[in-house]
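**Q** One structure, as structure tokens, below. Some questions next.
The values are calculated or read from the model by the stated rules, or taken from the named source; none is laboratory data. What you are looking at is a predicted structure, and each value in this text was computed from that prediction instead of being measured. So basically every Cβ, Gly included, is an ideal-geometry build from the backbone, and we count neighbours across all protein chains shown.
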Amino acid sequence: MLQASEHETVMPLRTDLDVLKVRKYGKELAAALHFSNSERTIIATAISEIARNTVLYAKSGCMHLKLIRNGARRGLLIVAEDAGPGIPDLKLAMQDGYTTSRGLGIGLPGARRLMDEFDIVSEVGKGTVITMKKWER
């Protein structure tokens, strides 16, 4: 695990083990923010889906995890980035059931539904950046 700053952690995404590590760390950060057990599971699921996609499609990348504030509100910022092939049709990729592999096609749209904020930017041949936030209730 690489420390980008004292408040942000950057973790590599190259293998299935990396996916498990980032999922576990995300759950630990969510616990530090006093998210409920079910909210921790939701956060871990969204992290897993995006991290798995990074390893599967881009072969490598990284995930940034950071505790954030907006006034009195606290939350968790998760940014996944890669320099992979990019997503040619974002609108199609965000539809339930669409997949270019053998998966169920629920990773990207599922993660979007699980998080409070979700943004994806992708350019063919340059890679993808996915930004997600979950706020304390």
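Matching residues to (1) assigned to a strand (DSSP E or B); (2) free of Cβ contacts under 8 Å to residues at least 60 places away in the same chain; (3) small (G, A, S); (4) within 19 Å of R137 (Cβ to Cβ):
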position: T41; (1), (2), (3), (4): no, yes, no, yes
position: R74; (1), (2), (3), (4): yes, no, no, yes
position: R112; (1), (2), (3), (4): no, yes, no, yes
position: I120; (1), (2), (3), (4): yes, yes, no, no
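**Q** Moving to a separate point now. Return the only residue of E123, E117 being among the acidic types (D, E), more than 16 Å from the chain's Cα centre (by Cα) and at pLDDT 90 or above.
**A** Result: E123 is the single residue among E123, E117 that is among the acidic types (D, E), more than 16 Å from the chain's Cα centre (by Cα) and at pLDDT 90 or above.
**Q** Right, next: Looking only at residues that are of a type in the set (K, R) and assigned to a strand (DSSP E or B) in segment 122-137, which one is surrounded by the most Cβ atoms within 10 Å (Cβ to Cβ)?
**A** K134
**Q** Out of all the residues in segment 7-39, which are farther than 15 Å from D116 by Cα, among the hydrophobic types (A, V, I, L, M, F, W, C) and assigned to a helix (DSSP H, G or I)?
**A** Residues satisfying the conditions are L17, V19, L20, V22, L29, A31, A32.
**Q** Now for a separate question. Scan segment 18-32 and report the pairs whose first residue is among the β-branched types (V, I, T) and whose second residue is not in a helix (DSSP H, G or I), with Cβ atoms within less than 7 Å and a gap of 6+ or a chain change.
**A** So the pair list comes out as V19/L13; V22/M11; V22/L13; V22/M63.
**Q** OK, next. What number of residues within segment 30-56 are out of contact with any helix residue (DSSP H, G or I) (no Cβ under 8 Å at 6 or more places or on another chain) and under 21 Å from H7 (Cβ atoms)?
**A** Going through segment 30-56 one residue at a time, the tally reaches 3.
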